[in-house]
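Inspection log for the structure reproduced underneath, given as structure tokens.
The values are calculated or read from the model by the stated rules, or taken from the named source; none is laboratory data. What you see is a predicted model; the values in this text were computed from it and never measured. Cβ: placed from backbone, ideal geometry, glycine included. Neighbour counts: every protein chain shown.
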Amino acid sequence: MEIKFADSFWKSLRSLSIHQTWWYKTYSFFRRDLPYFLENVWYFRKQLWSFRSWDYSFNLEIFSRSLEKTVHTIELYGNEIDETRLKKVEKMKRSIYLIDRIKSENYIDQAELELGKLKNVNWFDRVEDTPEEREHNRRVFNRADEIEKSEWNELWTILRGQDLQEYKRMCESKTPEEMSKNDVWSEWFDGSGLNTWWD
């Protein structure tokens, strides 16, 4: 058996070789890298201006803003099939929503909507709480903590994604005919998992 290389193979090698030269790297810097850098500085300008290193909310702000751009790109220009791509878009939008909720820290307000306003909260003109008021306030604070914890858990569950071992077990349990009849991945995949948010 004779082995031959197609012309496209030699062209690919030549192209790879050219990409390693100093003049191509200089061209690439001015043609691609610098414009992307300037575009990113402009896009993140508000987050960069207000960023401080002493609080997690600034990190969340930058992450949320980067997800907005990723959502826009994948939703409007993605090459993936709609069935899985739109699931990713939905989970990214949910993550942005949860980050905004976490940053706003209005869990007490939400708990008050469910359980009623806090009682006797004028901290400057303090009057002794009755046992009923203390109990009500405790329930409101506990409910606020529950809401916050559930939203944090939901956010990290979305970012972590599904267990791939579960998918493998599901595939092993199906017959070859069942595997060929339908797209098992599309049925199983729910769009979560930060490591799947690419196109």
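Could you list, in sequence order, the residues of region 72-101 that are at pLDDT 95 or above, in contact with a Ser or Thr (Cβ under 8 Å, 6 or more places away or on another chain) and β-branched (V, I, T)?
I96, I99
Can you pull out the residues in region 165-186 that are part of a helix (DSSP H, G or I) and either among the basic types (K, R) or surrounded by 11 or more Cβ atoms within 10 Å (Cβ to Cβ) (or both)?
The answer is Y167, K168, R169, M170, C171, E178, M179, K181, V184, W185, S186.
Looking only at residues that are hydroxyl-bearing (S, T, Y) and crowded, with 16+ Cβ neighbours inside 10 Å in region 58-114, which one is farthest from D145 (Cα to Cα)?
So the residue we want is T84.
May I ask you to list pairs of residues, at least six apart or on different chains, whose Cβ atoms are under 8 Å apart, with the first in region 61-86 being farther than 20 Å from W188 by Cα and among the aromatic types (F, W, Y) and the second being modelled with pLDDT of 95 or more and not in a loop (DSSP other than H, G, I, E, B)?
F63/I99
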